[in-house]
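Worksheet: one structure, shown below.
The values are calculated or read from the model by the stated rules, or taken from the named source; none is laboratory data. Remember, it's a predicted structure, so these values are computed and weren't measured experimentally. Don't worry about glycine lacking a Cβ; one is built from the backbone with ideal geometry, like all the others, and counts go over all protein chains shown.
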Amino acid sequence: MTDIVPTVEGLAFGGDYNPEQWPREVWDEDIALMREAGVNLVSVNIFSWGRINPGPGRWHFDELDAIMDTLAEAGIKADLATSTASPPPWFSQLHPDTLPVDPEGHRLNYGARAEYCPHAPAFQDAVVEMASKLAERYAGHPALAMWHIGNEYYRSCYCDLAAEAFRAWLAERHGDLDALNDAWGTTFWSQTFTDWEQVLPPRISAETPNPGHLLDFKRFSSDALLKLFRSEAEAVERHSPGVPITTNLMVTGDFSGLDYHRWGEHLNAADRLIATDHYLIPEGPIEPEAQVAFGADASRGLARGGPWLLMEQAANSSAWRGGYFAKKPGEQLRHSLSYVAHGSEGAMYFQWRASRYGTERWHSAMLPHGGPETKTFREVKTLGGWLKRLAEVKGSVVQSKAAILLDFESVWAAANPGQPSGHMASYPELRRWHAALWRRGVTCDLANPAWDLSRYAAVFAPSLYLLEDDANLRRYVEGGGTLVVGPYSGIVDRNDHVHPGLPGALRDLLGVRVEEFAPLHEGETIALDDGTEGHAWSEIAKAEDAEVAARFIGYPSTGALFHRGLGDGEVWYLSTRLTDLDPFLDRLNLTPTVPGLPAGVETVRRAHEDGRTYLFALNHTDRPVTIPTEGTDLLTGATWTPKTHLHGNSAAVVRER
Ligand code: GAL
């Protein structure tokens, strides 16, 4: 496995570092405390456009020089950002057409961040100029470990420049206007285009918009940001070849603005690194530890099982998540270790030192307002020590035999308006299945349905509304895999046109024919004759070439759960959303990483090619537990035996014998 952070020794540990917000004497304290905590990588220059380039043609690098030199002297590496995520006011004022326009046609003002239109040539030129200047200046700097392009790409724009770029993108995708009219089904409601100039971004209109239009605009917006990222990355590469390049994605489970699998094709290459930010959802049905695992498993999926890096997390609360919620003692430690267990090559935070001012003055930090004598900073120091002792884990690969299928286009299409049910959103359902598998100790990748799935013993498609055809899934099943398909899957093609004959693209593979959908109301449930219960959805479904494993009570001719053996494998179809997934999962032969552990005790194994394995054991409960393995706990150096107690709310990483 390639060493993703060649110039950072061991696992990466640190966070966003914004010394430009502080007087010099604070820098000295920062460096001393970073060394005490074992910080070896910091992300700098994320939001410094206005400091480096305070006016047209004016460039001031003294401060960034000083920051980079200070880090180099201290032996701390820099994840050096191009600072292009937040143009300063002078730039927006000089180029008003770079300010983004929302779907209602309002041009947004500057005053916060990410106020740019990705399609504005002035912005596109400026970011390449900035990236080039920085790369020219800092290539070869002893502190430089990697380049960080932009910050959390997500902005979309509906302005006239966006309209122009959208038309060009559509012409490339569809060829001519007739093909576009077909793809969008514009004969519906008499919306046929006769001239390209009539084609606009999906600005607010008088009625529910066209789903094909919305879907293509999502694709276009994701591609436009990817193009922007690539333009900067290529500029950096020209001047600073061979240094890893990354950007912080938001592979979190509640952001689906970009098609990260398309991004992954570019970030999963030589000298590129998949990195993600992850801020947990404070309330809701899924426990924080399972959320951590989801973000990590999805990021590892993007990296196709290979190395990736947790670029940002919160040491305590994220103010923007709405209100103050504190992490319990030890919680950030277990979370950080869990990201590493699930494949991250380190644990990074936003941010090193809490800001005294600005929108995020109440966002937690590694070094909180309370200073070093705080629970948070004490834990940061503990973590720094642990990560140092885990250096040998770097480059090992997570062992996973199960996958959940995630397709961003399908998530988007399922969110299009005009659905038969308002309760069939995709992403929350993927998270729910993932959490159920996580609670059973099954390590799971999030994988795209088009990828080679042959290495997985079981593949779950709980919600895969959009699917062009069944070829890849059929290959997987016939080759010996177990495929589980949730309802309302395989329904539409890539243009969001309904496949004739439900359930569309999957009908033959499943051996099931759905006559009609029978969506359920909020709170309504439907009983199955195997003692389980469904919610949100049911359907009148008949076996064509499958066995009926369970039926809806009161609907004897309708199947609820279908099973079919095919080739060397098998496929299950669920025609409702099961409320409790466990009774169904009990039917499958799933192997947890370590069998027999109580709920809340998480184990994940990473392995090197030479056979060395590491068992990460995270006890998220209050009760002690024994973990049946033998070796050395790298966190303490102590011998581990099957009788060793893993205390409540603690962790061990056993290099197994
Ligand atoms: C991220 C962002 C950081 C900071 C952080 C706070 O989305 O990249 O700059 O705002 O959130 O949670």
Here are Asp622, Asp633, Asp610, Asp582: which of them is surrounded by 15 or more Cβ atoms within 10 Å (Cβ to Cβ) and acidic (Asp, Glu)?
Asp633
Restricting to the range 79-117, and then to whatever is part of a loop (DSSP other than H, G, I, E, B) and without any contact (Cβ under 8 Å) to a residue 24 or more places away in the chain, can you tell me which residue is surrounded by the fewest Cβ atoms within 10 Å (Cβ to Cβ)?
Gly111
(1) away from the ligand (no atom under 16 Å from the Cβ); (2) under 28 Å from Trp22 (Cβ atoms); (3) of a type in the set (Ser, Thr, Tyr): which one isn't true of Ser344, the others all being true?
(2)
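Do you know which residues across the range 118-138 are in a helix (DSSP H, G or I) and small (Gly, Ala, Ser)?
Of all residues in the range 118-138, those in a helix (DSSP H, G or I) come to 121-138.
Ala122, Ala126, Ala131, Ser132, Ala135 - these are the residues of the range 118-138 that are in a helix (DSSP H, G or I) and small (Gly, Ala, Ser).
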Anything in the range 89-127 that is away from the ligand (no atom under 16 Å from the Cβ) and closer than 30 Å to Asp69 by Cα? List them, or say none.
Pro89, Trp90, Phe91, Phe123, Gln124, Asp125, Ala126, Val127
Filter the range 349-364 down to the residues that are buried (at least 23 other Cβ atoms within 10 Å of the Cβ) and either within 13 Å of the ligand (Cβ to nearest atom) or closer than 21 Å to Ser338 by Cβ (or both) and list them by number.
Tyr349, Phe350, Gln351, Trp352, Ser364
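Would you check which residues across the range 186-199 are in a helix (DSSP H, G or I) and closer than 19 Å to Asp160 by Cβ and list them?
Taking the range 186-199 first, the residues in a helix (DSSP H, G or I) are 188-190, 196-198.
Matches in the range 186-199: Trp196, Glu197, Gln198.
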If the requirement is being among the charged types (D, E, K, R) and touching a His at 6+ places or on another chain (Cβ under 7 Å), which of these qualifies: Arg334, Arg262, Arg304?
Arg334
Residues of the range 551-584 being more than 19 Å from Tyr456 (Cα to Cα) and of a type in the set (Ser, Thr, Tyr), which ones?
Tyr555, Ser557, Thr558, Ser575, Thr576, Thr579
For the range 383-397, indicate whether the set of residues that are modelled with pLDDT of 95 or more, of a type in the set (A, V, I, L, M) and over 29 Å from Asp610 (Cβ atoms) is non-empty.
no
Checking the structure you have, find out if any residue of the range 215-222 is buried (at least 20 other Cβ atoms within 10 Å of the Cβ) and in contact with an Asp or Glu (Cβ under 6 Å, 6 or more places away or on another chain).
yes
Quick one: in the range 25-56, which of the residues that are within 16 Å of the ligand (Cβ to nearest atom) and among the polar types (S, T, N, Q) is surrounded by the fewest Cβ atoms within 10 Å (Cβ to Cβ)?
Ser48
Which one of the conditions (1) more than 30 Å from Ala546 (Cβ to Cβ); (2) buried (at least 20 other Cβ atoms within 10 Å of the Cβ); (3) free of Cβ contacts under 8 Å to residues at least 60 places away in the same chain; (4) of a type outside the set (S, T, N, Q) does His645 fail to meet, given that it meets all the rest?
(2)
For the range 139-185, name all the residues that are part of a loop (DSSP other than H, G, I, E, B) and either among the β-branched types (Val, Ile, Thr) or within 26 Å of the chain's Cα centre (by Cα) (or both).
Ile149, Gly150, Asn151, Glu152, Tyr153, Tyr154, Arg155, Ser156, Cys157, Tyr158
Among (1) touching a residue at least 60 places away in the same chain (Cβ under 8 Å); (2) in the same structural domain as Trp184 (by TED's automatic domain parsing); (3) acidic (Asp, Glu), Glu234 falls short only on (1)
May I ask you to verify whether Ile491 is at pLDDT 95 or above and surrounded by fewer than 19 Cβ atoms within 10 Å (Cβ to Cβ)?
no
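Just checking: which of the strands (runs of 3 or more DSSP E) contained wholly in the range 555-651 hold 1 or more residues that are under 27 Å from the mean Cα position of the chain (by Cα)?
Details: elements: 559-566, 569-574, 601-607, 613-619, 631-633.
Filter on the range 555-651 gives 569-574, 601-607, 613-619.
If you check Ala607, Ala638, Ala617, which single one turns out to be of a type in the set (A, V, I, L, M) and in contact (Cβ under 8 Å) with a residue 60 or more places away in the chain? Reasoning before the result, please.
Details: Ala638 fails: in contact (Cβ under 8 Å) with a residue 60 or more places away in the chain; Ala617 fails: in contact (Cβ under 8 Å) with a residue 60 or more places away in the chain.
The unique qualifying residue is Ala607.
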Residues located in the range 149-206, provided they are of a type in the set (Ser, Thr, Tyr) and either touching a strand residue (DSSP E or B) at 6+ places or on another chain (Cβ under 6 Å) or surrounded by 21 or more Cβ atoms within 10 Å (Cβ to Cβ) (or both)
Tyr153, Ser156, Tyr158
Matching strands (runs of 3 or more DSSP E) fully within the range 236-325 where at least 3 residues are more than 13 Å from the ligand (Cβ to nearest atom)
272-277
Cβ contacts < 7 Å: first residue assigned by TED's automatic domain parsing to the domain that holds Gln198 and of a type in the set (S, T, N, Q), restricted to the range 165-186; second residue modelled with pLDDT of 95 or more and assigned to a loop (DSSP other than H, G, I, E, B), any location; separation 6+ or different chain. Result?
Asn181/Thr192; Asn181/Phe193; Thr186/Thr192; Thr186/Phe193
